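The values are calculated or read from the model by the stated rules, or taken from the named source; none is laboratory data. Note that the coordinates shown come from a computational prediction; the quantities given were computed from them, not determined experimentally. Note that each Cβ is placed from the backbone with ideal geometry, even for glycine, and that neighbours are counted across all protein chains shown.
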Amino acid sequence: MVWSAAFKLFHWSTAALILGMFVLGWVAVSYPLSPTKLELFKWHKSVGLLILAWALLRLAWRATHRGPGLPAAMGRYERWAAHLAHAFLYALMIAMPISGWIINSASDFPLKWFGLFRVPQVVGPDKGVQDSAELVHLTLFWTLLLVLVVHVAAALRHHFIRRNDVLRRMLPFTNSGKPEK
């Protein structure tokens, strides 16, 4: 059994959004203070809120649609690690945008989501809250990066070492449903 086309779309579009966010965030932080820097941060914040909404939609989809399950040959420890890694990924895809939203709110900086509508503030202006949220946001960034590296390494391990279909059945435009080894 393979993942549905809809779930593959969720998976790969999320991956693209997160990769884009890493680049956009890094460039925005490194850029000298200017109107361009402010514009980069507007995009960073809007895409972050898009990722939050997308992650919540993914969770709703997962709750209502069954996936192919893990290969029968996977041991208990591997199954536990896979479930834990996915739980961490979802938690991080939700916590990181929320921490960014708190930073924005605490800095009392108005935000219009992609210029369409104003995003409500979740906390009042507070420099201490802003500083704490920035530390949390940075910590979540490095944690997400680490978990994504482990996620990709596990997928590659399944493909090249275990030689099963875990990676192949998530690839776009594949329909491999051959039994697992």
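Here are the numbers for this structure:
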quantity	calculated
Hey, Phe173 closer than 17 Å to Trp3 by Cβ, among the aromatic types (Phe, Trp, Tyr) and not in a helix (DSSP H, G or I) or not	yes
Within region 90-116, tally of residues that are under 25 Å from Leu40 (Cβ atoms) and either of a type in the set (Phe, Trp, Tyr) or part of a helix (DSSP H, G or I) (or both)	18
Selection count where residues are β-branched (Val, Ile, Thr) and over 22 Å from Ile98 (Cβ atoms), scope region 28-52	1
Subset of region 120-137 [of a type in the set (Val, Ile, Thr), within 9 Å of Ile102 (Cα to Cα) and in a helix (DSSP H, G or I)]	Val129
Boolean, Ile98 is closer than 19 Å to Ser13 by Cβ, among the β-branched types (Val, Ile, Thr) and surrounded by 11 or more Cβ atoms within 10 Å (Cβ to Cβ)	no
Test: residue in region 68-85 that is aliphatic (A, V, I, L, M), touching a strand residue (DSSP E or B) at 6+ places or on another chain (Cβ under 9 Å) and touching a residue at least 24 places away in the same chain (Cβ under 8 Å)	no
Hits in region 1-51 (condition: β-branched (Val, Ile, Thr), within 30 Å of Ala72 (Cβ to Cβ) and modelled with pLDDT of 95 or more)	Thr14
Test: residue in region 162-178 that is buried (at least 18 other Cβ atoms within 10 Å of the Cβ), modelled with pLDDT of 95 or more and in contact with a Ser or Thr (Cβ under 9 Å, 6 or more places away or on another chain)	no
Filter result (in a helix (DSSP H, G or I), more than 16 Å from the chain's Cα centre (by Cα), in contact (Cβ under 8 Å) with a residue 24 or more places away in the chain and surrounded by 13 or more Cβ atoms within 10 Å (Cβ to Cβ)) within region 3-42	Lys42
